[in-house]
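FYI, it's all coordinate maths here, none of it is from the lab. As the structure is a computational prediction, the values presented were derived from the model and not from experiment. Cβ placement follows ideal geometry from the backbone for every residue including glycine, while neighbour counts extend to all protein chains displayed.
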Amino acid sequence: MMLLAKAALGLGSTLVLAGAYTMREGVIRIDVDEFRSGGSHVHLWVPAAAVPMAMHFVPREHMRHASEEAREALPILHAVVKELKKYPDTQFVEIEDSDQHVQIRTHQGKLQIDVDAPDQKVHVLCPLSTIEDVTSQLEEHAPGA
Amino acid sequence: MSDRKRGFFAKAVRTATAGSLPILLAAVVLSPLGLRAQSTAAPASPSQSTTSVPKDRWLHVRVISSDAKGETVRVNVPLELAEKVLPAINKDRLHAGKVRIDDSRVNDVDVRALVDAIRTSKDGEFVTVQSNDCDVRVAKQSNHLIIHVLDKQNSKKSEVEVKVPMKVVDALFSAGKDELDLVAALHALSAQGDTELVSVKDHENTVRVWLDSKNVTD
């Protein structure tokens, strides 16, 4: 009985810690709703810390290909994210009129993109540290790196 | 406490301690990561807070359209961010924060010579055109290059005013012969006080580009 209790406590605490570690950087949230016939509805919540971890399991040739595809954008992305981290709660772009509202901002260290239009709603929330980790990993796999 | 109860209590404590061991170990192993995560997530320095410290200089663009849709565009860019990001963009004519221009002569005007002439001259009006169609004024005033255009062609007038510090103009033309140094211009701009750079007003739109220390538009 005691052995079972020990095992349960150990397993439980490990699960709690694993959960806490996975969720420590928050979640990547992507919500896309297109209000038209056949429009897509995507709702994605992924633990942010899981993405860089999962990237370690991506086959090397796929990473190299992705890195090559993003070659031009990577230095820009790296520089942008590095600088954006200095401004964790800032509105950078806001466009609004009578029926749509677009904003690009950082909120609590996350990049937030919101589009509220009559035909679609897009909400993206991604921790800047995750973007930085992903960018770094792609840069590491760049040809000649 | 009876011996039986004491024995049970001791056993329970040992069990709990043994059960907590993985937690303690995991906490010790993960603690640097946790600290790292906190340091990345938390708004650490004062410059990172919502209210900027005075050294942060922000370039603001605001477009207000008075048409039926009433569109408003607000863009706030920290000059430091622009200074750091621009050199990373290498596309077409933009390389290392500099824009390559094919020839400094634009429409048979030697822009560089013109800027040199303006730089060395005293304050005053260089160009004044007044006609039924438009009024144009180019002047140097308090170390600022001022361009003012009033378009009277349509019944709906439009007015453009550009006011650029001469140090910024100098920095812009400080690169090689066929280049404009955007990063140097931004750097020079960041040393300036609060100022309105561009103002455009017509019957439908109002555009303002200005520089200050706030990270929000007014």
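Among A:VAL51, A:VAL115, A:VAL42, the largest mean-square fluctuation in a Gaussian network model of chain A (Cα springs under 10 Å) belongs to A:VAL42. Per-peptide packing, taken as the mean over residues of other Cβ atoms within 10 Å, places B:65-76, B:124-135 in the sequence B:65-76, B:124-135 from highest down. Across segment A:10-136, the mean sequence separation of Cα contacts (distance under 8 Å, 6 or more residues apart), normalised by length, yields a relative contact order of 27 percent.
In loop segments of segment B:148-218 as defined by DSSP, the GluC sites (Glu not before Pro) with at most 15 further C-beta atoms inside 10 Å of their C-beta are B:GLU204. Relative to the longest principal axis of the Cα atoms of chain A, the long axis of helix A:2-22 makes an angle of roughly 20 degrees. Who wins for biggest fluctuation among A:ASP97, A:ASP133, A:ASP89 in a Gaussian network model of chain A, springs between alpha carbons below 10 Å? Judging by the Gaussian network model, the answer is A:ASP97. The calculated 222 nm mean residue ellipticity attributable to helices in chain A amounts to -13500 deg cm²/dmol, summing -39500 (n - 2.57) over DSSP H runs of n ≥ 4 and dividing by all residues.
Taken over segment A:106-145, the ratio of Cα radius of gyration to 2.2 N^0.38 Å equals 1.63. Cross-link partners of A:LYS6 among lysines, defined as those whose alpha carbon lies under 22 angstrom from its own and excluding same-chain residues fewer than eight positions apart: B:LYS5, B:LYS11.
In the structure shown, the pairs A:LYS110/B:LYS214; A:LYS110/B:LYS167; B:LYS69/B:LYS152 are assessed against 28 Å; a Cα-Cα span above that value is assigned to A:LYS110/B:LYS167. Are there chymotrypsin sites (Phe, Trp or Tyr not before Pro) in segment A:1-78 that DSSP marks as loop and that have at most 13 other Cβ atoms within 10 Å, and which are they? When the chymotrypsin sites (Phe, Trp or Tyr not before Pro) of segment A:1-78 are filtered for loop state and at most 13 Cβ neighbours within 10 Å, A:PHE35, A:PHE57 remain.
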